[in-house]
Each structure stands twice: as C-alpha cells, then as structure tokens.
1. Consider residue 46 carefully, then state whether it is of a type in the set (A, V, I, L, M), in contact with a Cys (Cβ under 9 Å, 6 or more places away or on another chain) and either at pLDDT 90 or above or not in a loop (DSSP other than H, G, I, E, B) (or both).
2. Just one of the numbered conditions (1) touching an Asp or Glu at 6+ places or on another chain (Cβ under 8 Å); (2) at pLDDT 90 or above; (3) not hydroxyl-bearing (Ser, Thr, Tyr) is not true of residue 73; which one?
3. Would you please name the residue that is farthest from the chain's Cα centre (by Cα), looking only at residues in region 94-131 that are surrounded by 13 or more Cβ atoms within 10 Å (Cβ to Cβ) and assigned to a loop (DSSP other than H, G, I, E, B)?
4. Within the group 26, 19, which residue is under 15 Å from residue 108 (Cβ atoms) and modelled with pLDDT under 60?
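The values are calculated or read from the model by the stated rules, or taken from the named source; none is laboratory data. In this text, all values refer to a predicted model and were calculated from it rather than measured experimentally. Because the Cβ atoms are built from the backbone with ideal geometry, glycine has one as well, and the counts that use them run over all protein chains shown.
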Amino acid sequence: MTTEEITMSGTTVDYNKPFRFHVSHFKRRQQKILFFLTTKKVVNVLKEDIPVMPESLIPSGSNNNGKSPMDLDASDPTEKEKHDEKVKQANIDIIFWKDNGYLCKNYILNGLRDDLYDYYRTSNTTRQVWDGL
C-alpha cells in the first residue's frame, strides 16, 4: 500500500502518533507518548533543564570608559574568537532547547482529549504539562 492509498480527506495518517490520552491505562499511554517524543527527538526537554549562558561568557560590568573586559583584551584575537564562538554555541543551544520545548509541549497536547487539552494548554512549560498529567 502506498502513502497515497492511506489518506483520509486528502491528509496522510501518521501511524507513529500515539492514541488520544485517556485516564485509563495511564502508564501504557505515558510510555507510548515517551516513545513518540523520542522518535521526534524532543524528549530531552522533559529530562534536561534549559541551558544557560555560563557566567564566564557574560561580560561582568564595565570599566575604563565603558569598555567591557573583552574589549580591553583585544590584544589576543584568538581568545576573542574562542569567546565569541562559545557565546554563539551557547545561544544556539538555548534556541534549540526552546524550539524543542515548543514542539514537545504541543506533541503532548495533541495527544490529549479535547477537555484535557483545554485544561493544560495554558501551562507555560513542557515539564508543567508532563508533571500535571
């Protein structure tokens, strides 16, 4: 059977999507949702905290006419490049985590019945939704 044959009203059915969440058989459904989130590569949001910018990368105050310590240490360009690369990577990690958090939260909400969806959609974080369930 081809993908074109497995359609409903012109949309493809995703057989990897877990069934709608009900209170009965909670542990089974929880494992199905965890597996689904793992296949979508967003389950790390439930297990890890949001990455933070290390304090060593944040300029601490200013001195000497408003210049930060990194501005003053411009004599070694490789150090500045390394610092800039670390800051860039930290920002990418934070953005990546936030994107995965958004996707993970909405994947979980999509697996809920409508009444549960309405209740949990106002939660701010994925972990709040997961812990609430």
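1. For residue 46, the condition - of a type in the set (A, V, I, L, M), in contact with a Cys (Cβ under 9 Å, 6 or more places away or on another chain) and either at pLDDT 90 or above or not in a loop (DSSP other than H, G, I, E, B) (or both) - is met.
2. If we test residue 73 against (1) touching an Asp or Glu at 6+ places or on another chain (Cβ under 8 Å); (2) at pLDDT 90 or above; (3) not hydroxyl-bearing (Ser, Thr, Tyr), just (2) comes out false.
3. So, considering only residues that are surrounded by 13 or more Cβ atoms within 10 Å (Cβ to Cβ) and assigned to a loop (DSSP other than H, G, I, E, B), the one farthest from the chain's Cα centre (by Cα) is 111.
4. Working: 26 fails: modelled with pLDDT under 60.
Going through 26, 19 in turn, the sole match is 19.
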